[in-house]
1. Treating only the Cβ of Lys, Arg, Asp and Glu as charged (+1, +1, -1, -1), what charge dipole size does the chain show about its Cα centre? Round to the nearest 20 debye.
2. Roughly what percent of Cα-Cα pairs across region 38-82 reach past 16 Å?
3. If you put +1 on each Lys and Arg Cβ and -1 on each Asp and Glu Cβ, how big is the dipole of region 100-183 around its Cα centre, in Debye rounded to 20?
4. If you roll a 1.4 angstrom probe over the protein chains with everything in place, what fraction of the accessible area of the chain belongs to carbon and sulfur, to the nearest %?
5. What is the distance in Å between the Cα centres of region 1-17 and region 147-163?
6. Quick one: order 111, 92, 177, 7 from most to least accessible surface, probe 1.4 Å.
7. For the chain, report the accessible area per residue in Å² (1.4 Å probe, heavy atoms, rounded to an integer).
8. What is the total of Lys pairs in the chain with C-alpha atoms under 17 Å apart, excluding same-chain pairs fewer than 8 positions apart?
Amino acid sequence: FQLPKYWTISTNADNGIITGGGYYKENSIVTLQAIPDEHYHFVQWEDGDTNPIRQIIVSGDAEYTAIFAIDSFTVKTHGEHGTISGGGTYEWGTTITLKAIPDEHYHFVKWGDGNKNSTRQVIVSGDLDITAIFEANEYTITLVGVNGVVSGSGTYQYGTNVTISAIANEHYHFVNWNDGNKE
């Protein structure tokens, strides 16, 4: 008559827990499950097994270690007529700085979520797709006619085609604009 042997199955994990460890009779089938903490995910067991649930046959004292990694997320940035720095892949909880940089002749208006600070900090808690809104600068065209009438003065956004005209008073004729253009 021989008493059954009992063995200890130890578990070890940072950033998660393992269920199923304990004291078992030899040849018992034991199920171990690696469960990550919030914002972490299971990577593999220390021996390379990538299934978070595994069954073992108890044959002696043993230790099983689960490896967990922090979740990572992608920050995508968009902006027509400017660039945004700060996009990329980051670990959960990372504080990043996004900066909207307008192209020449444009200015930053706001982010797609309404934030009006061109430089802002965001805590990464999931995938993020953010847009910066830029608008064209406005420029004023002032026309002065001497001995005639001019039209086309006003404030216009950069890139707008503007038609200007000069009509000479009676007994006068158009010579040129002050930039030398004769049309």
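1. Magnitude of the dipole: close to 200 debye.
2. It works out to 59 percent of all Cα pairs.
3. Around 200 debye, computed over region 100-183.
4. Of the solvent-accessible surface of the chain, carbon and sulfur hold 47 percent.
5. Between the Cα centres of region 1-17 and region 147-163 lies a distance of 85 Å.
6. Final ranking, largest accessible area leading: 92, 7, 177, 111.
7. That works out to 67 Å² per residue.
8. Close lysine pairs found across the chain: 5.
The values are calculated or read from the model by the stated rules, or taken from the named source; none is laboratory data. Nothing here was measured: the structure is a model prediction, and the numbers come from that model. Glycine gets a Cβ as well: all are built from the backbone with ideal geometry, and neighbour counts include every protein chain shown. To get the accessible areas, we keep the full protein, side chains included, count just its heavy atoms, and leave off ligands, DNA and RNA. Shrake-Rupley method; radii C 1.70, N 1.55, O 1.52, S 1.80 Å.
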